[in-house]
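Worksheet: one structure, shown below.
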Amino acid sequence: MDHFTDREFERASAYLSRTYGLDMRSKRVMLECRLSRERDRLGLPSFDSYLNMVESGKNPEASARFIDLVTTHYTYFFRERKQFEFLRDTAFPKLERGRRRRRWNILCAGCSTGEECYSVSMLVEDYAQTHRIPPVRIHGIDVSEPALREARAAVYPASRVDKAPHRWMMSYFAKSDEGYAVTDRIRKRVSFECANLSDPDPLSGTYDLILCRNVIIYFDERARSRTLNTLHRHLAPSSYLVLGHAEIMRDRAPFSYCGDSIYQKQAEETPL
Ligand SMILES: C[S@@+](CC[C@H](N)C(=O)[O-])C[C@H]1O[C@@H](n2cnc3c(N)ncnc32)[C@H](O)[C@@H]1O
């Protein structure tokens with residue numbers, strides 16, 4: 001494995017911070033490991049020449065592979081069971097009271113390979129069996145195209161579905177030689193899009209519920225607060241924002257805390 005010079009490492013981490021909000025200052029070895037193989041694959045003589053290619057954007061495939069290689073995509077179905085119980089017992093009933101007829105719009109920001117979006121869709125499917133609810137749209141965004149390709153394919157190995165309730169396994173997956181395929185009924189309310197949360201305005205529309213779990217933990221302080229601002233702007237008043245368990249919102253001013261890393265936006269608009 002080749003090593004970065006100090007200058008190359010600073011250049012790579014500054015680019016990742018500036019463009020994607022990622023804080024890579026303590027991840028030098030990980031970056032070297034993941035990128036040196038890619039640099040070899042492309043036949044480039046130095047990290048500098050590799051970074052020239054990525055930063056110039058002249059080879060879109062290399063730029064897309066770069067961000068995919070440096071991000072962490074770990075996820076699985078029904079991750080953080082208690083948060084799903086909150087959605088079922090508190091967030092959905094509240095939406096049902098407030099939005100009887102209009103579509104519910106749910107965002108999974110940093111959705112990785114899709115398990116989170118489909119888990120929410122399975123929860124909605126269960127809920128709709130005993131409640132009259134309007135159509136629901138679940139939109140997943142992520143910066144990694146390869147992760148989104150897997151999300152769209154919606155076929156998973158046993159190791160990624162084994163935390164899902166047994167009843168879901170039986171009802172919402174079709175087992176095949178390739179793995180567990182999410183059924184069309186669950187897939188049809190889910191869409192995916194490649195977007196960078198660090199762009200000035202990566203979202204459009206207003207959401208009635210946002211999950212952004214285990215994403216901002218990888219961001220630097222500036223990107224974290226910029227992203228929370230963005231999510232706040234696109235969240236309907238009184239609606240919930242679900243973060244990952246290790247993600248703490250320091251200045252909660254326009255949100256109230258509901259426990260389990262779940263925040264509720266205030267009814268009145270207050271800028272962050
Ligand atoms: C660890 S996964 C979290 C998946 C899922 N939310 C969960 O909690 O299981 C983090 C995801 O965030 C995505 N990500 C990182 N930086 C991003 C950015 N600037 N914009 C959009 N997505 C980003 C990564 O590509 C990765 O798929």
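Conditions (1) in contact (Cβ under 8 Å) with a residue 12 or more places away in the chain; (2) open to solvent by 20 Å² or more (accessible area, probe 1.4 Å); (3) within 15 Å of the ligand (Cβ to nearest atom), marked per residue:
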position: VAL136; (1), (2), (3): yes, no, no
position: HIS139; (1), (2), (3): yes, no, yes
position: ALA147; (1), (2), (3): yes, no, yes
position: ALA174; (1), (2), (3): no, yes, no
position: TYR180; (1), (2), (3): yes, yes, no
Note to self: Anything in segment 215-236 that is open to solvent by 20 Å² or more (accessible area, probe 1.4 Å), farther than 14 Å from MET249 by Cβ and either within 12 Å of the ligand (Cβ to nearest atom) or touching a Lys or Arg at 6+ places or on another chain (Cβ under 8 Å) (or both)? List them, or say none.
What the structure shows: TYR218, ASP220
Item checked: strands (runs of 3 or more DSSP E) (entirely within segment 107-213) containing at least 3 residues that are of a type outside the set (A, V, I, L, M) -> 136-142, 173-176, 190-194, 207-212
Next item on the list: Determine, yes or no, whether GLU80 is open to solvent by less than 30 Å² (accessible area, probe 1.4 Å), within 16 Å of the ligand (Cβ to nearest atom) and acidic (Asp, Glu).
Entry: no
Next item on the list: Can you run down the residue pairs with Cβ atoms below 9 Å, 6 or more apart or on separate chains, where the first is in segment 1-21 and modelled with pLDDT of 95 or more and the partner is among the polar types (S, T, N, Q) and part of a helix (DSSP H, G or I)?
Entry: GLY21/THR227
Item checked: Members of segment 105-134 that are away from the ligand (no atom under 15 Å from the Cβ) and within 21 Å of HIS232 (Cβ to Cβ) -> ASN105
Next item on the list: Name, by its number, the condition in (1) more than 30 Å from MET30 (Cβ to Cβ); (2) open to solvent by 60 Å² or more (accessible area, probe 1.4 Å); (3) at pLDDT below 95 that does not hold for THR130.
Entry: (3)
Item checked: One residue from ARG152, ARG102 being more than 13 Å from the ligand (Cβ to nearest atom), more than 18 Å from the chain's Cα centre (by Cα) and open to solvent by 60 Å² or more (accessible area, probe 1.4 Å) -> ARG102
Checklist line | For LEU87: the one exception among (1) within 16 Å of the ligand (Cβ to nearest atom); (2) open to solvent by 10 Å² or more (accessible area, probe 1.4 Å); (3) hydrophobic (A, V, I, L, M, F, W, C) | finding: (2)
Check: How many residues, within segment 203-214, are open to solvent by 20 Å² or more (accessible area, probe 1.4 Å) and near the ligand (Cβ under 8 Å from one of its atoms)?
Finding: 1
Item checked: Matching option when the condition is more than 30 Å from VAL120 (Cα to Cα) and under 23 Å from the mean Cα position of the chain (by Cα), among ARG34, ARG65 -> ARG34
Next item on the list: Could you check LEU16 against (1) open to solvent by 20 Å² or more (accessible area, probe 1.4 Å); (2) within 16 Å of the ligand (Cβ to nearest atom) and say which number it fails?
Entry: (1)
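The values are calculated or read from the model by the stated rules, or taken from the named source; none is laboratory data. In this text, all values refer to a predicted model and were calculated from it rather than measured experimentally. In this analysis, Cβ positions are derived from the backbone assuming ideal geometry, glycine residues included, and neighbour counts consider all displayed protein chains. Just so you know, the surface numbers come from the protein's heavy atoms only, side chains and all, with ligands and any DNA or RNA stripped out. Shrake-Rupley method; radii C 1.70, N 1.55, O 1.52, S 1.80 Å.
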